[in-house]
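The values are calculated or read from the model by the stated rules, or taken from the named source; none is laboratory data. Source: prediction; values computed, not measured. Note: ideal-geometry Cβ built from the backbone for every residue, glycine included; neighbour counts use all protein chains shown. Note: accessible area is taken over every heavy atom of the protein model, side chains too, but ligands, DNA and RNA are not part of it. Shrake-Rupley method; radii C 1.70, N 1.55, O 1.52, S 1.80 Å.
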Amino acid sequence: MCDGDNLSNYRSTVDLPSESDIVIIGSGFAGSSCAYYLYKNADLTKNPLKITMIEARETCSGATGRNGGHLKPDVYYSYKRYSNKYGQQIAETLMEFEAKQIDAMSKLVSEENIECDWTVTRACDAYIEPEIAAEAKASYEQRCADGGNVSDIHEIPPGDYLSMIRVKNVLYGVTFTGASIHPYKLVHHLLNKCVEKGMNLQTNTCVSSATRLPSGEWSIVTSRGTLKASKVIFATNAYTAGIVPVLNDKIVPIPGTVCRIIPSINYMLSPLEMTYSIRSNGHNFDYMIPRQVGDRSIILGGAKRTYMYNRKIFHNNCDDSMEFINEKSKMYLEEFMPKHFHNWGNDQNGCKQMWTGILGFTSDLLPFVGELPDQSNGYVIVGFNGQGMPRILLCARALADLVLGRIDKIEELIPEPYIITKNRLETKENYLLDRMAIQSDLTHTS
Ligand SMILES: Cc1cc2nc3c(=O)[nH]c(=O)nc-3n(C[C@H](O)[C@H](O)[C@H](O)COP(=O)(O)OP(=O)(O)OC[C@H]3O[C@@H](n4cnc5c(N)ncnc54)[C@H](O)[C@@H]3O)c2cc1C
């Protein structure tokens, strides 16, 4: 039961309730922010809102509880690809939607007085290989040429790479507004608030199926019994295909790695203030969040290049129990700071903790949000592709309004390509497999 503010293994009631107005499956950032907005925006004067949240393991033990906390909107990098696929206007909407999450998060953190290490800063993208540097520059230039809102994006003058961002061997670099957060603290705060408002939280309870009955109700079968609900929200990210069959092959679990680096003596003389992505090709990038509080340790995520060509490890893998993915990824992370950062010194033993988590990658790299086609009152907010922090909050707010009937169409509030539609589900495209070329010739078994 509840131990102070710690909801890790919390169960609001000894038994699972037998019915609920709304069941939310999953207690990560998506599930918790949906619950938060449902309570915030519902008209509770008429009827209390009975929400049950079901979590298979401990509270927030999925990707959200393991992530790097980098809130870095994509403000130019995918512009060209989006523009070619969806047209200029939608591409601009996709960029703006991610950028505006920072203000939305700032507002939430200050209104609710949430202690979650929230820091707004500049995010820096540093490109260190020619092909991707040229691609990134072209994408930025296209957004400029199309008249997009690029006022916040600054190209770094090439002569200033070392002095301004302190990354070695940079070929192209830009900065723009980004942020960092401690997602686990944020989610715990939101869930405590929801539990106070009456939400029934049931941890260590796995949903094995959720079916719409002829009566229109939903029947949710769990490891601890069955409950009925008028509406159900799947906030199960990488694991969704297991209980939402139409998303089979559309969301694939893949592992990611993060570690904590203890700063070197040289570094502590002048700690970094920006957050970083060091990109060496489209999906091969490492990111770094220098913590501005506490011991100033550095959260470093990535090392995908050491395992992504091994399909057994990289593709359709739900195992987040590994400390690190393989010896090569461990070594890669240990060597990262001295290799890329100017004046780091020789300290290579700073890598103190490593952990893995499971990301939900979708076939077109965009999340699925909205009401399931042909399954009324069943909703998804899933598939955030390693880019959940600058996407989830405003998706959750919009979905909560749809579920509450405050809006008729979610496209009023989120970019159209995020919406789950029959057409999107029927598309054969698989961007991840195609682009990473891991489908047929799996010769690099690292
Ligand atoms: C290692 C790592 C680093 C990352 N770093 C960043 C970053 O720096 N910036 C960024 O933007 N994004 C990052 N991401 C991605 C980000 O963490 C996700 O996009 C985001 O947390 C997704 O939130 P969610 O609530 O949708 O999913 P999750 O946090 O995974 O929550 C889903 C929950 O559903 C539960 N669940 C699943 N199936 C069932 C079931 N059948 N029954 C009951 N419960 C179920 C799971 O146990 C889980 O707790 C990272 C991800 C990983 C793994």
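Residue-by-condition table, conditions (1) in contact (Cβ under 8 Å) with a residue 60 or more places away in the chain; (2) of a type outside the set (A, V, I, L, M, F, W, C); (3) away from the ligand (no atom under 15 Å from the Cβ); (4) open to solvent by less than 10 Å² (accessible area, probe 1.4 Å):
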{"residue": "Ser18", "(1), (2), (3), (4)": "yes, yes, yes, no"}
{"residue": "Ala42", "(1), (2), (3), (4)": "yes, no, yes, no"}
{"residue": "Lys46", "(1), (2), (3), (4)": "no, yes, yes, no"}
{"residue": "Glu55", "(1), (2), (3), (4)": "yes, yes, no, no"}
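Filter segment 63-82 down to residues that are open to solvent by 30 Å² or more (accessible area, probe 1.4 Å), outside any loop (DSSP other than H, G, I, E, B) and not basic (Lys, Arg), then give me how many there are. Step through it out loud before you land on a result.
Of all residues in segment 63-82, those open to solvent by 30 Å² or more (accessible area, probe 1.4 Å) come to 63, 65-67, 77, 80-81.
Keeping just the survivors that are outside any loop (DSSP other than H, G, I, E, B) gives 63, 65-66, 80-81.
Still in the running and not basic (Lys, Arg): 63, 65.
Final tally of qualifying residues: 2.
When residues of segment 120-160 are filtered for being among the polar types (S, T, N, Q), within 16 Å of Thr175 (Cα to Cα) and open to solvent by less than 70 Å² (accessible area, probe 1.4 Å), how many remain? Give the derivation first.
To start, the set of residues in segment 120-160 that are among the polar types (S, T, N, Q) comprises 121, 139, 142, 149, 151.
Still in the list and also within 16 Å of Thr175 (Cα to Cα): 121, 139, 149, 151.
Those left that are additionally open to solvent by less than 70 Å² (accessible area, probe 1.4 Å): 121, 139.
Total meeting the criteria: 2.
Looking only at segment 212-247, how many residues end up being open to solvent by 30 Å² or more (accessible area, probe 1.4 Å) and away from the ligand (no atom under 14 Å from the Cβ)?
9
Having 1 or more residues that are under 21 Å from Asn284 (Cα atoms), near the ligand (Cβ under 8 Å from one of its atoms) and at pLDDT 90 or above is the bar; report the strands (runs of 3 or more DSSP E) wholly within segment 336-409 that clear it. Can you show your working first?
Working: elements: 351-362, 368-371, 378-382.
Here the list reads 351-362.
Across segment 83-99, what is the number of residues that are open to solvent by 10 Å² or more (accessible area, probe 1.4 Å) and either in the same structural domain as Asn284 (by the TED database) or in a helix (DSSP H, G or I) (or both)? Give the derivation first.
Just the residues of segment 83-99 that are open to solvent by 10 Å² or more (accessible area, probe 1.4 Å), to begin with: 83-90, 92-93, 96, 99.
Applying the additional criterion that residues be either in the same structural domain as Asn284 (by the TED database) or in a helix (DSSP H, G or I) (or both) yields 83-86, 88-90, 92-93, 96, 99.
The number of residues fulfilling the criteria is 11.
Filter segment 206-258 down to the residues that are over 18 Å from Lys50 (Cα atoms), charged (D, E, K, R) and not in a strand (DSSP E or B) and list them by number.
Result: Arg224, Asp249, Lys250.
Can you tell me which residue among Ile102, Ile51 is assigned by the TED database to the domain that holds Glu371 and within 16 Å of the ligand (Cβ to nearest atom)? Walk me through how you get there before you give the answer.
On the way: Ile102 fails: assigned by the TED database to the domain that holds Glu371.
The unique qualifying residue is Ile51.
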